[in-house]
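Take a look at the structure below.
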Amino acid sequence: MKSLKDIPVGETGVVVKILGEGALRRRLLDMGITKGVSILVRKLAPLGDPMQIHVRGYELSLRQAEAERIVVE
């Protein structure tokens, strides 16, 4: 399995699980990143951090450290 961080721009991944616990996990779940949801990687910042994703009809920016905790297939 790979993390959202490993998905190339323009590709889609389906969330399998979110690693970790605590405030960061709760924040990701509150933003709509849950098991089974499809995520499209829109673009990366010039230095690679943050990344812009499309999830549940809206755009969202995530840091690489956050994207690394989202396991996709």
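Structure above, values below:
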quantity	calculated
In the range 17-33, residue surrounded by the fewest Cβ atoms within 10 Å (Cβ to Cβ) [restricted to those that are in contact with a Lys or Arg (Cβ under 7 Å, 6 or more places away or on another chain) and either more than 16 Å from GLN64 (Cβ to Cβ) or among the aromatic types (Phe, Trp, Tyr) (or both)]	LYS17
Filter result for GLY22 (of a type outside the set (A, V, I, L, M), without any contact (Cβ under 8 Å) to a residue 40 or more places away in the chain and farther than 17 Å from SER61 by Cβ)	yes
Where ILE70 falls short, out of the listed (1) open to solvent by less than 80 Å² (accessible area, probe 1.4 Å); (2) of a type in the set (A, V, I, L, M, F, W, C); (3) without any contact (Cβ under 8 Å) to a residue 24 or more places away in the chain	(3)
Looking only at the range 34-53, and only at residues there that are touching a Lys or Arg at 6+ places or on another chain (Cβ under 7 Å) and closer than 13 Å to VAL15 by Cβ, the one that is least open to solvent (accessible area, probe 1.4 Å)	ILE53
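Rundown of residues vs (1) on the phi > 0 side of the Ramachandran plot; (2) more than 10 Å from the chain's Cα centre (by Cα); (3) assigned to a strand (DSSP E or B), yes/no style:
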{"site": "VAL9", "(1), (2), (3)": "no, yes, no"}
{"site": "GLY20", "(1), (2), (3)": "yes, yes, no"}
{"site": "ARG26", "(1), (2), (3)": "no, yes, no"}
{"site": "LEU29", "(1), (2), (3)": "no, yes, no"}
{"site": "PRO46", "(1), (2), (3)": "no, yes, no"}
{"site": "ASP49", "(1), (2), (3)": "no, yes, no"}
{"site": "ILE53", "(1), (2), (3)": "no, no, yes"}
{"site": "GLU66", "(1), (2), (3)": "no, no, no"}
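The values are calculated or read from the model by the stated rules, or taken from the named source; none is laboratory data. In this text, all values refer to a predicted model and were calculated from it rather than measured experimentally. Ideal geometry is used to build each Cβ from the backbone, glycine not excepted, and the neighbour counts take in all protein chains shown. SASA here: full protein model, heavy atoms, side chains in, ligands and nucleic acids out. Shrake-Rupley method; radii C 1.70, N 1.55, O 1.52, S 1.80 Å.
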